[in-house]
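*Asks:* My questions all concern the structure below.
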Amino acid sequence: MLYPLSILSILLLALIHLTNGHSPHGHSPKKVQRVLSTPDNASIPLSTRAYWMRKANAALGELASPCPFAAFGTVIVNHTDVSGDGLGKLICMGVNSRTTTGNPISHGEIAAINNCTQILTDVNGPYKLSGSSAIAAFASLSLYTNAESCPMCASAIRWSGFKEYIFGTTIETLVDQGWGQIDISSKEVFEESLGLGTATSYLGGILTNETDPYFAWQFDTDSPCPVGCERASAGSSCAAS
Ligand SMILES: *[C@@H]1O[C@H](CO)[C@@H](O)[C@H](O)[C@H]1NC(C)=O
Ligand SMILES: *[C@@H]1O[C@H](CO)[C@@H](O)[C@H](O)[C@H]1NC(C)=O
Ligand SMILES: *[C@@H]1O[C@H](CO)[C@@H](O)[C@H](O)[C@H]1NC(C)=O
Ligand SMILES: *[C@@H]1O[C@H](CO)[C@@H](O)[C@H](O)[C@H]1NC(C)=O
Ligand SMILES: [Zn+2]
């Protein structure tokens, strides 16, 4: 058995050598592309980021409850519109609505993207955009989500061509807290998606002191409930108070 196996190894080594050593440009073009763009922090201060991250948390209370079990909230903002308070304009929001809709992929980010599409293309709404104009509009919008996107949502964000992606609690923290996750960071998805030809700025770990508590109580009965909620008795779930 040894003899044919070593022949196979030699063939394999030769193949590896051929594919590695003789790439047409002598370097890996993919590695050259793997630079994530981060937002221009000067034009949008951290206090504005915090303002919208709090809105992503608050979307839970507006659309579901202040402490739903799947406490994932998203807001989508037009930062080019600085009319009014100068913080940017809310286009739409969404929260994880799997159990209320029966749609297993209705994560907060997907719900918000669907909602924005509906709002932007509504013939009776404020925007009245055609489908292709709505798609183009995403390139000028920023998505804020209170937890790092799963690979499905990170991919959806990249396919949407958002201008910016800003998240709070990291996937690492979610996993530590006991949440089941597909263990691919959104950074990895972003790095592998540069071939799409669109850029989405990446800004993570914003206001985690306020987002983390939304995900800490579900698997740890000693964790305090989010603001507006309490445990009816020791060890029970958080519910609106
Ligand atoms: C913006 O700030 C974040 C951290 O708050 C940093 O990681 C990033 O590099 C900054 N971006 C630029 C362009 O300086
Ligand atoms: C964002 O705001 C700018 C400036 O007001 C405006 O020109 C643009 O149409 C807005 N985008 C969307 C999708 O509303
Ligand atoms: C869509 O976003 C709007 C504006 O933020 C909000 O009023 C509405 O409740 C959202 N709809 C859904 C289904 O989440
Ligand atoms: C969370 O941290 C920010 C600074 O990053 C601070 O402004 C804010 O007050 C803190 N939130 C709470 C609830 O302590
Ligand atoms: Zn997701």
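*Asks:* Hey, can you tell me all the residues within the range 182-241 that are of a type outside the set (Ser, Thr, Tyr), buried (at least 16 other Cβ atoms within 10 Å of the Cβ), in a loop (DSSP other than H, G, I, E, B) and in contact (Cβ under 8 Å) with a residue 12 or more places away in the chain?
*Replies:* Result: 199, 204, 206, 207, 212, 217, 218, 225, 226.
*Asks:* To continue, here is another question. Can you name the number of the only condition in (1) under 17 Å from the mean Cα position of the chain (by Cα); (2) buried (at least 17 other Cβ atoms within 10 Å of the Cβ) that residue 121 fails?
*Replies:* (1)
*Asks:* So, one more: When the residues of the range 146-181 are filtered to those that are away from ligand 1 (no atom under 16 Å from the Cβ) and either assigned to a strand (DSSP E or B) or β-branched (Val, Ile, Thr) (or both), which remaining residue is nearest to residue 112 (Cα to Cα)?
*Replies:* 157
*Asks:* Name the single residue that is farthest from ligand 4 (Cβ to nearest atom) among those in the range 76-97 being surrounded by 15 or more Cβ atoms within 10 Å (Cβ to Cβ) and polar (S, T, N, Q).
*Replies:* Taking the candidates together, the pick is 97.
*Asks:* Looking only at residues in the range 135-159 that are buried (at least 22 other Cβ atoms within 10 Å of the Cβ) and more than 8 Å from the chain's Cα centre (by Cα), which one is farthest from ligand 2 (Cβ to nearest atom)?
*Replies:* Ranking the qualifying residues of the range 135-159, first place goes to 146.
Since every read-out is calculated from the coordinates, none of them should be taken as a lab result. Since we're looking at a predicted model, the values are computed, not measured. Please note: Cβ atoms are built from the backbone with ideal geometry, for glycine as well, and neighbour counts cover all protein chains shown.
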